[in-house]
Amino acid sequence: MNILVLNCGSSSIKYKLYNMEDESVLAQGGAERIGLDEAFVKVTLSDGSKKKIMHDMPDHKEGVKFVFELLLDKEIGAIKSLDEIDAVGHRVVQGGDLFEKSCLVTKDVEDGIERLIDLAPVHNLGHLRGIRAVDALMPNTPQVTVFDNAFHSTMPQYAYMYAVPYEFYEKYHVRRYGFHGTSHRYVSQRVCDMLGVDIKDQKIITCHIGNGASVAAIKGGKVIDTSMGLTPLEGLMMGSRSGDIDASVVTYLMDKTGKKPQEMADFLNKESGVLGITGISSDMREIESAYEKGDERATLALQMYNYRIKKYIGAYAAAMGGVDIIVWTAGVGENQTSTRMEACSGLEFLGVKMDAERNNVRGKETIISAEDSKVKVVLIPTDEEIVIARDTQEIVKNLKK
């Protein structure tokens with residue numbers, strides 16, 4: 001079975017085509033600047049190199065259509081007919097409380113995703129456009145949606161509720177949902193497979209640390225808490241997101257600057273976090289470089305960044321009554337050795353003992369804690385796409401029974 005995985009953003013489409021017999025990747029790439037000038041697709045070739053192809057893509061339908069053309073291309077393609085694609089799996093950021101597991105796309109599912117656009121206006125609208133583009137181009141091909149917050153649906157109500165009048169939850173679905181769930185799900189199971197332990201017996205803290213970042217507490221294979229909230233803004237300090245902030249700061253700054261609600265939301269999501277503190281960049285590689293040159297604000301940003309991760313690890317160890325495994329994943333988590341070391345230092349009272357030499361590794365599945373550490377600290381590269389492909393395969397197989 002061949003599964004095409006699509007992750008459609010507001011102006012982008014990332015894709016991977018899998019042969020599910022051995023889970024090999026047949027083709028992958030990404031379209032950028034959809035609906036804008038100078039749109040292009042960057043294709044990963046069989047030798048690992050990348051080829052940039054300029055192509056006008058006024059909307060997602062044209063973007064998906066061009067992706068299909070590239071998959072069929074005699075030189076760089078992977079299939080001879082679209083009939084070789086058995087199903088399409090989509091990443092959807094916000095499933096709200098309507099969708100608590102992956103599901104087959106139907107008219108009702110599309111309508112549900114549309115109703116949730118207010119909770120994730122940029123993301124869900126892009127996902128929906130991608131789904132409808134496939135509807136139009138391959139109407140007989142089954143599609144599956146895999147929701148970013150679904151893995152977090154096991155959180156107890158006392159963990160996901162905000163302390164605002166209950167009617168706001170009833171009327172407007174105001175609650176904590178959490179995100180990066182597909183990544184947290186993958187690495188929590190993968191680390192148990194790697195260590196040869198049963199996830200049902202483990203207390204795991206997963207740290208998905210990238211430009212967007214979140215931490216999850218997973219007890220017995222189920223999420224009991226996670227750092228992101230109604231939107232991906234809550235929680236850790238991120239590349240350009242503020243993370244946790246006193247709500248009064250928001251209203252105070254709106255009063256002082258005259259910013260309207262959407263302008264303030266953009267400010268907290270796109271101009272804050274590491275970028276806001278340093279004034280340099282949201283890219284942690286650039287911040288580390290500035291830190292090494294003695295930049296004071298880069299130093300401050302790194303201290304804030306690492307400290308907040310440490311606080312969440314400590315809080316989630318308390319919430320679970322201990323911790324057996326800490327997992328690091330995503331761009332920063334997989335590659336920034338100093339962040340892993342700093343965030344885990346001082347946690348010896350929890351049974352965490354790091355090994356500097358073991359930790360000096362990037363992007364490789366390995367244990368980075370000391371041999372005698374009671375808590376295993378492990379680096380696991382994430383693979384959200386394979387989770388989407390596996391869910392899609394399972395749902396489509398059940399459909400055919």
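For this structure, a couple of remarks:
- Volume per residue of the convex hull around the Cα atoms, evaluated for region 197-384, comes out as 126 Å³.
- Protein heavy-atom accessible surface, 1.4 Å probe, per residue over the chain: 47 Å².
- Pairs of alpha carbons in region 286-339 separated by more than 12 Å make up 71% of all such pairs.
- Here region 76-90 and region 329-371 have alpha carbon centers that stand 39 Å from each other.
- Loop-located GluC sites (Glu not before Pro) in region 66-123 whose Cβ has at most 15 other Cβ within 10 Å (DSSP): GLU75, GLU100
- For the residues MET54, MET254, MET237, a GNM of the chain with alpha-carbon springs under 10 Å puts the largest fluctuation on MET254.
- Axis angle, to the nearest 10 degrees, between helix 296-320 and the longest C-alpha principal axis of the chain: 90 degrees.
- In the chain, the DSSP-assigned H stretches of four residues or longer account for a calculated mean residue ellipticity at 222 nm of -12000 deg cm²/dmol, using -39500 (n - 2.57) per stretch and the full residue count as denominator.
- Volume per residue of the C-alpha convex hull in the chain, rounded to whole Å³: 165 Å³
- Cα Rg, Dmax (largest Cα-Cα span) when computed across region 2-147, Å: 14.8, 44
- Beta bridges per DSSP with both ends in the chain, % antiparallel, nearest 5: 70 percent
- For region 125-142, 3J(HN,Hα) per residue [Karplus equation, 6.51 cos²θ - 1.76 cosθ + 1.60, θ = phi - 60°, Hz, x = Gly/Pro]: 5, x, 4, 5, 5, x, 4, 6, 5, 5, 3, 6, 8, 9, x, 9, 8, x
- For the chain, carbon and sulfur atoms together expose 48% of the accessible surface, with a 1.4 angstrom probe and every protein chain in place.
- Relative compactness, region 234-292, computed as alpha-carbon Rg over 2.2 N^0.38 Å: 1.20
The values are calculated or read from the model by the stated rules, or taken from the named source; none is laboratory data. Here the structure is a predicted model, which is why all the values come from computation and not from measurement. Cβ coordinates were reconstructed from backbone atoms using ideal geometry, including for glycine residues, and neighbour counts include every protein chain displayed. When the accessible area is computed, the model is the full protein with side chains, heavy atoms only, and any ligands, DNA or RNA have been set aside. Shrake-Rupley method; radii C 1.70, N 1.55, O 1.52, S 1.80 Å.
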